[in-house]
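Scroll down for the structure; my scribbles are underneath it.
The values are calculated or read from the model by the stated rules, or taken from the named source; none is laboratory data. Only a predicted model underlies this, so the values are computations on that prediction, with no experimental measurement involved. Neighbour counts are summed over all protein chains in view; Cβ atoms, including those assigned to glycine, are modelled from backbone coordinates with ideal geometry.
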Amino acid sequence: MRTLRLVLICLLLSAGAQAQLQWKEVEPGIWKATAGQPEKVALLSVADNKASKTSLQALPAATFPLAEADISVTYRDGKVYLRFPLEKEEQIFGLGLNFKTVNQRGRVSQLHMDHYGGKDDGRTHAPVPFYVSSRGYGILIDAARYLTVYAGTAVRVDAKHPPELQDRNTNKDWDSQPYSDAVEILVPAAGTDIYIFGGPTAMNAVQRYNLFNGGGYLPPKWGLGFTQRVPTLYSQADILREATEFEQHNFPLDFIGVEPGWHSMSYPCTFEWDSKRFPDPKGFIDGLMAKGVRANLWLNPYVSPKSSLYPKVKPLSGSHTVWNGLVTDFTMPEARQLFKEHFIKNHISLGVSGYKMDENDGYDKWLWPDVATFPSGTSAEQMRQIYGLAMQKMTDEWYREQNLRTYGLVRASNAGASNFPYVIYNDYYSHPDFITALVNSSFIGVLWTPEVRASKSAEEWVRRMQSVCFSPMAMLNAWADGTKPWSFPEVEKAVQDVAMLRMRLLPYLYSTFAQYHFEGKPPFRSMNLVDGFAYTAQVSGGKLDATLNPYEAKTRSELKDQYMMGDNLIVAPFFAEQKSRKVYLPKGKWYDFYTGKLAGEDQVITVNAELDKIPLYVRDGGIIPMIPARRQAPKAGEVLPLEVRVYGTAPGSFDLYDDDGVSFDFEKGAFSRVTLKTAAGKGTMSKPQAGKPFGYQKNVSWTFMTK
């Protein structure tokens, strides 16, 4: 029977035949169909996460969101061509980690793992083939290939809803990009699995996608503190001295990033300590831990001939090298086992708390080429799409086996990664585009962080530091120039204040990440995922210039410079030299975080810049739990005073989550969740369950900000 099916598929692929997909509900509100013969290596099979079934069942019921007859698949030339319908005003979000655009309708992308080259064309650090519709559904193509997506750009002769015919000679509204009623996707493979995630809202579709992949990752508490990455050739003495400087300046520091110089050779890497710069690795890590600081090690995955690992993994590596280093085939269990033994022996057993995994995204001039071969039979193209994903899965398992949570950085990710302990970063350095990427990350189940390296002015320094303090990882990346939070003394206090504000907000932030894990809601999210979103886009452009751009298309403005942190807080960063900015406030009343005064309701407001403040707004009835300012995240067993700020006059409720902050015991029920409630100017906190970790005093200080 299987042989007959394969023969039929081959005939379909060669004949250009069209077929009807058969959809099966595999989890509540999630449907799967198979087109052709899927490949053994796929994105979700590499991520290999288990669905959070209980959480999926708790979501609102969803019906199949599209007309099945309007979904088509064609097999031609050994490839799969997919077509999904679009309605007239429907918007499309996702399709990779984009840095300049949010709504992807009207764009063509080839989803190709790569560094980000400055334009949204699909080449990016997380080319996730998942899109979310404003109509409240999502679609994932589970193929580890370079997919080409025509998101409402291609118009078929037999389109059900053809565009209006216009004459450019006489119609001033002529548009070079006619209306298209479909998303069309080219999958360069003999088959693929396809998933549709129901709503009824766009947020519900994102939740289902994240929960289907195990839920979002809950970092250790220390991972949400502040991190400094030190210059490349710092020794262990230099790094310990740096940690002492942070103490002297009373600046937060929970983990420190050790850059390439810790290796006896890097580019390619030995993954073994340099004996001159780090004569006593265990003593170094213990010395940091005595200061409450953890060590995070930089690496790229290419194995140096000088590494003791080299002869072991050489038979399990690809045909091409990167910087003369082996590219190990991580789809092979024996290769992963060799890395595990080496890393546990040389790092994790010494107390290393995590990794920054660099250079696994790509750069065509030095990465393995698409003509490379690998011993598992995995193609070079597939390997490029999954390599960062495989590294995340592998290293995550090492720490899970130790019952220790980790939190680190990665350059490459893809579908299925929401349950991995990594935040994407890159070498691009546009502050506004960093915020757009943070907005876009919420659609595709990944975390992205802006970073601070250097600045041209004290004002830029403050603005960049403010943004990183309201992101998944508060990071100063000083590997190149050694900058420190106090590098601009005139704004040192403003920088310290916003860093301490992040530390004060840890109860709110940690509870928000718990929501990511248990409910699938991204901790940092686009305004397009918020209830009450009613932003009116402004159409512009389309003015034709026969010389410069004879086919310029009209564009629509979009919200890409503000976002939500959790359910209650809008973050609207300023950029250097901005004197004022617009902030969109959704339906309902919104209040200034700092003063508690009404800021607006379902409107766009203008905010004047204040150097020492990043604009923050809280919804009516919003509850923000906070702790006293401190340099480091709370340790297991600490019991802290709790201030709960309340905004507006509407009744409010907030689930305050806590656990030991370091282990995976919470997955076995070792956590507390209490409810903070307010009504008529009074606040209450439910009792934590006896015997469960809970790090807050029972006598809560309630601060009603709106007078």
Enumeration of residues in the stretch 343-358 that are of a type in the set (D, E, K, R) and either touching a Phe, Trp or Tyr at 6+ places or on another chain (Cβ under 6 Å) or in contact (Cβ under 8 Å) with a residue 60 or more places away in the chain (or both): Lys356, Asp358
Checklist (1) modelled with pLDDT of 95 or more; (2) surrounded by fewer than 16 Cβ atoms within 10 Å (Cβ to Cβ) applied to Phe488, failing item: (2)
Breaking point among (1) assigned to a strand (DSSP E or B); (2) surrounded by fewer than 18 Cβ atoms within 10 Å (Cβ to Cβ); (3) hydrophobic (A, V, I, L, M, F, W, C), for Ile194: (2)
Residue that is surrounded by the most Cβ atoms within 10 Å (Cβ to Cβ) [pool: residues in the stretch 327-363 that are touching a strand residue (DSSP E or B) at 6+ places or on another chain (Cβ under 8 Å), assigned to a loop (DSSP other than H, G, I, E, B) and of a type in the set (Val, Ile, Thr)]: Val327
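Give the stretch 197-235 a look and list any residue that's among the aromatic types (Phe, Trp, Tyr), under 22 Å from Tyr150 (Cα atoms) and either surrounded by fewer than 24 Cβ atoms within 10 Å (Cβ to Cβ) or within 17 Å of the chain's Cα centre (by Cα) (or both), or say none.
Correct list: Tyr209 only.
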Strands (runs of 3 or more DSSP E) wholly inside the stretch 623-698 containing at least 2 residues that are surrounded by 20 or more Cβ atoms within 10 Å (Cβ to Cβ) and not small (Gly, Ala, Ser): 623-626, 643-646, 652-658, 672-679
Residue selected from the stretch 490-537 under the condition β-branched (Val, Ile, Thr) and part of a helix (DSSP H, G or I), by the criterion nearest to Leu447 (Cα to Cα): Thr512
Selection count where residues are farther than 21 Å from Tyr429 by Cβ, out of contact with any Leu (no Cβ under 9 Å at 6 or more places or on another chain) and hydrophobic (A, V, I, L, M, F, W, C), scope the stretch 561-600: 3
Options Arg400, Arg384: the member that is in a helix (DSSP H, G or I), more than 18 Å from the chain's Cα centre (by Cα) and closer than 28 Å to Gly283 by Cβ: Arg400
Of all residues making up the stretch 267-312, the number that are over 17 Å from Ala243 (Cα atoms), touching a strand residue (DSSP E or B) at 6+ places or on another chain (Cβ under 8 Å) and small (Gly, Ala, Ser): 2
Where Leu309 falls short, out of the listed (1) aliphatic (A, V, I, L, M); (2) within 23 Å of Tyr425 (Cα to Cα); (3) over 29 Å from the mean Cα position of the chain (by Cα): (2)
Filter result for the condition that a residue is charged (D, E, K, R), out of contact with any strand residue (DSSP E or B) (no Cβ under 7 Å at 6 or more places or on another chain) and closer than 26 Å to Gly596 by Cβ, over Lys698, Lys635: Lys698
Ser180 under 22 Å from the mean Cα position of the chain (by Cα) and not charged (D, E, K, R): no
Flag for Leu211 being under 24 Å from Val446 (Cα atoms), at pLDDT 95 or above, out of contact with any strand residue (DSSP E or B) (no Cβ under 7 Å at 6 or more places or on another chain) and part of a loop (DSSP other than H, G, I, E, B): no
Every residue from the stretch 554-599 that is of a type in the set (Gly, Ala, Ser) and in contact with an Asp or Glu (Cβ under 9 Å, 6 or more places away or on another chain): Ala572, Ala576, Gly588, Ala599
Test: residue in the stretch 299-318 that is under 27 Å from Val662 (Cβ atoms), modelled with pLDDT of 95 or more and outside any loop (DSSP other than H, G, I, E, B): yes
Failed criterion for Asn419 (all others in (1) at pLDDT 95 or above; (2) of a type outside the set (A, V, I, L, M, F, W, C); (3) in a loop (DSSP other than H, G, I, E, B); (4) surrounded by fewer than 23 Cβ atoms within 10 Å (Cβ to Cβ) hold): (4)
Evaluation of Phe443 against (1) surrounded by 24 or more Cβ atoms within 10 Å (Cβ to Cβ); (2) over 17 Å from the mean Cα position of the chain (by Cα) (one fails), failing number: (2)
Qualifying residue in the stretch 445-466 (condition: part of a helix (DSSP H, G or I), in contact (Cβ under 8 Å) with a residue 60 or more places away in the chain, in contact with a Ser or Thr (Cβ under 6 Å, 6 or more places away or on another chain) and within 26 Å of Pro60 (Cβ to Cβ)): no
Residue pairs meeting the criteria (Cβ under 8 Å; at least 6 apart or on separate chains; first within 11 Å of Pro586 (Cβ to Cβ) and surrounded by 20 or more Cβ atoms within 10 Å (Cβ to Cβ), in the stretch 597-620; second modelled with pLDDT of 95 or more and among the hydroxyl-bearing types (Ser, Thr, Tyr)): Tyr617/Tyr591; Arg619/Tyr591; Arg619/Tyr647
Tally, over the stretch 458-497, of residues that are in contact with a helix residue (DSSP H, G or I) (Cβ under 6 Å, 6 or more places away or on another chain), farther than 19 Å from Phe434 by Cβ and not aliphatic (A, V, I, L, M): 3
Conditions (1) under 33 Å from the mean Cα position of the chain (by Cα); (2) in a helix (DSSP H, G or I): number failed by Gly283: (1)
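When the residues of the stretch 484-503 are filtered to those that are among the charged types (D, E, K, R) and over 23 Å from the mean Cα position of the chain (by Cα), which remaining residue is farthest from Gly215 (Cα to Cα)?
The qualifying residue farthest from Gly215 (Cα to Cα) is Glu490.
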Matching residues, the stretch 52-72, being touching a residue at least 60 places away in the same chain (Cβ under 8 Å) and surrounded by 17 or more Cβ atoms within 10 Å (Cβ to Cβ): Ser52, Ser55, Leu56, Leu59, Ala62, Pro65, Leu66
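Only one of Gly257, Gly287 is within 23 Å of Thr227 (Cβ to Cβ), small (Gly, Ala, Ser) and surrounded by fewer than 23 Cβ atoms within 10 Å (Cβ to Cβ); which?
Gly287
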Residue count for the stretch 229-268, restricted to those that are closer than 20 Å to Lys635 by Cβ and in a strand (DSSP E or B): 2
The one condition in (1) within 31 Å of the chain's Cα centre (by Cα); (2) within 25 Å of Glu359 (Cα to Cα); (3) of a type outside the set (A, V, I, L, M) that Arg277 fails to fulfil: (1)
